[in-house]
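Have a look at the structure below before the remarks.
Since every read-out is calculated from the coordinates, none of them should be taken as a lab result. Computed from a predicted structure; not experimentally measured. Glycine also receives a Cβ, built like all others from the backbone with ideal geometry; neighbour counts cover every protein chain displayed.
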Amino acid sequence: MKRVAVLLAAALVLGGCGVGPGKEREGGAVVRVTRDFGHTEVAAARTKTLREDQTVMRLTEAKFDVKTRFGGRFVDEIDGLKGTGASGMRDWFFFVNGVEAGVGAAEYELMPGDRVQWDYRDWDAAMRVPAIVGAFPEPFLNGWEGRRRPVRVECDDAESDPCRAAKDTLDRAHVPVSGSSLGAPGTEQVTRLVIARWPRARIVRGGSTLEDGPERSGVFARFSKDGRSLDLLDADGDVARTVHAGDGTALVAAMRPRADELVWLVTSLDQQGLAAGVRALREDALRDAFAVAVTGRTVEKLPLERP
């Protein structure tokens with residue numbers, strides 16, 4: 001029953017879509033449909049304008065063939081790809097600007113520039129994934145839940161090249177940023193980008209959950225308790241590959257340690273990996289990804305695909 005309840009809370013699509021169309025607004029929105037944690041694109045659609053009362057559900061139904069169950073409260077199928085429910089543990093989940101919605105798709109009103117991603121995935125190893133990186137430069141540019149939050153870059157070394165590069169990257173994306181030291185207070189209602197080597201990054205709220213795996217963190221990677229290695233996991237939560245200091249591999253992930261708090265984390269066991277992770281902060285590199293492992297110029301979506 002717990003899994004069914006969590007699934008319904010995470011992917012609920014409520015009926016009662018309201019009355020009458022609202023005024024058209026410039027800016028539009030993007031809807032992307034993927035499967036298997038963003039590894040495979042199924043379909044995509046874009047609008048140039050957006051009605052004032054446009055919801056995720058309305059837009060999705062306008063662009064794709066959608067079927068529901070539980071009296072219209074749950075998305076069962078998109079373009080012929082059908083969920084399996086509690087027995088099969090494969091269903092549809094949606095994100096807006098990379099953040100798992102706290103309301104159903106019929107309730108979530110879109111804003112110009114929003115990026116919606118529906119993903120069909122296995123939810124056995126992680127019932128909830130509160131945030132993903134696949135909508136970059138969102139949510140830094142337009143925010144989430146209808147409001148743009150201030151953006152803060154936190155670094156364990158504010159003068160380091162990776163820290164400067166991260167700020168430059170957001171500046172090129174037209175995102176105003178402030179800077180602070182690692183672990184600075186005032187994290188509520190701020191979207192943070194943290195650039196720090198592990199285990200220093202562990203002090204960030206939610207950082208310690210990366211030692212416990214996807215069931216707690218929503219990220220398919222796990223640092224060892226001694227801070228010397230990083231396990232990259234497959235969709236079952238099993239270890240697919242382990243990296244160590246000197247391998248130059250970074251983890252780029254998004255987390256929501258609390259409902260009003262969102263943090264993106266670029267971390268690595270070495271400085272070389274940290275630089276690689278910051279270089280991967282690009283729309284083309286992160287598109288549709290839940291989280292990524294970056295080694296040099298190679299970006300791998302997590303969870304790693306099974307052989």
Just tell me which lysines come within less than 30 Å, Cα to Cα, of LYS23; anything on the same chain fewer than 8 places away is out. LYS48, LYS63, LYS67
Hey, quick one: spin label on ALA259, modelled 7 Å out along Cα-Cβ, who in region 91-120 has an amide N within reach, i.e. under 19 Å? 94-96, 99-109
Under a Gaussian network model of the chain whose springs join Cα atoms within less than 10 Å, the largest fluctuation of PHE94, PHE140, PHE64 belongs to PHE64
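Excluding GLN272 itself, what net charge comes from residues whose Cβ is under 14 Å from its Cβ, given Lys and Arg +1 and Asp and Glu -1? Provide the component values of the computation, followed by the final result.
Working: positive: ARG197, ARG279, ARG297; negative: ASP161, ASP247, ASP270.
Cβ neighbours under 14 Å give a net charge of 0.
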Can you give the longest run of the chain that contains no GluC sites (Glu not before Pro) sitting in a DSSP loop with at most 13 other Cβ atoms inside 10 Å? 189-307
Can you give the charge dipole size of the chain about its Cα centre, rounded to the nearest 20 debye, using +1 on the beta carbon of Lys and Arg and -1 on the beta carbon of Asp and Glu? 300 debye
What dipole magnitude, in Debye to the nearest 20, does region 48-145 give about its Cα centre under +1 on Lys/Arg Cβ and -1 on Asp/Glu Cβ? 160 debye
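Determine the sum of side-chain charges near CYS163: Lys and Arg each +1, Asp and Glu each -1, restricted to other residues whose C-beta is under 11 angstrom from that of CYS163. Mind dumping the intermediate values first?
Details: positive: ARG164, LYS167; negative: GLU154, ASP156, ASP157, GLU159, ASP161, ASP168.
Here the charged neighbours net out to -4.
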Among GLY183, GLY273, GLY104, which one moves the most in a GNM of the chain with springs linking Cα atoms closer than 10 Å? GLY183
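Want the number for GLN189 to ASP212: 0.36 nm per residue separation, take away the alpha-carbon distance, what's left?
Numbers: separation 23, 0.36 × 23 = 8.28 nm, distance 2.57 nm.
Here the segment from GLN189 to ASP212 would lengthen by 5.7 nm.
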Estimated distance in nm for a label pair at ALA173 and ASP236, the labels positioned 7 Å out from Cα along Cα-to-Cβ: 3.5 nm
Pop a pseudo-label 7 angstrom from the Cα along the beta-carbon direction at both GLU283 and LYS23 and give the gap in nm to one decimal. 2.7 nm
Among PRO176, PRO257, PRO112: highest mean-square fluctuation, GNM of the chain, C-alpha pairs under 10 Å: PRO176
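If you add up the charges near SER224, with Lys and Arg at +1 and Asp and Glu at -1, over every other residue whose beta carbon is less than 13 angstrom from its beta carbon, what do you get? List each step's numbers first, then the result.
Values: positive: ARG202, ARG222, LYS225, ARG228; negative: GLU211, ASP212, ASP226, ASP231.
Net charge in that neighbourhood comes out at 0.
Helix-only estimate, please: 222 nm mean residue ellipticity of the chain, summing -39500 (n - 2.57) across DSSP H runs of length 4 or more and dividing by its residues, to the nearest 500.
On the way: 7 runs with 51 residues, N = 307.
It lands at -4000 deg cm²/dmol.
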What aspartates and glutamates could a cross-link reach from LYS225, if we take a straight Cα to Cα line under 17 Å and drop same-chain neighbours fewer than 8 places away? GLU211, ASP212, GLU215, ASP238, ASP270
Once the dipole of region 160-307 is set up with Lys and Arg at +1 and Asp and Glu at -1 on Cβ about the Cα centre, which of MET255, ALA291, THR191 lies farthest towards its positive end? THR191
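Relative contact order for the chain: what is it in percent, counting Cα pairs under 8 Å that are at least 6 residues apart? Walk me through the intermediate numbers first.
Values: 743 pairs, mean separation 49.8, N = 307.
So the answer I get is 16 percent.
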Go through ALA245, ILE78, ALA173 and say which Cα lies farthest out towards the positive end of the charge dipole of the chain; charges sit on Cβ, +1 for Lys and Arg, -1 for Asp and Glu. ALA173
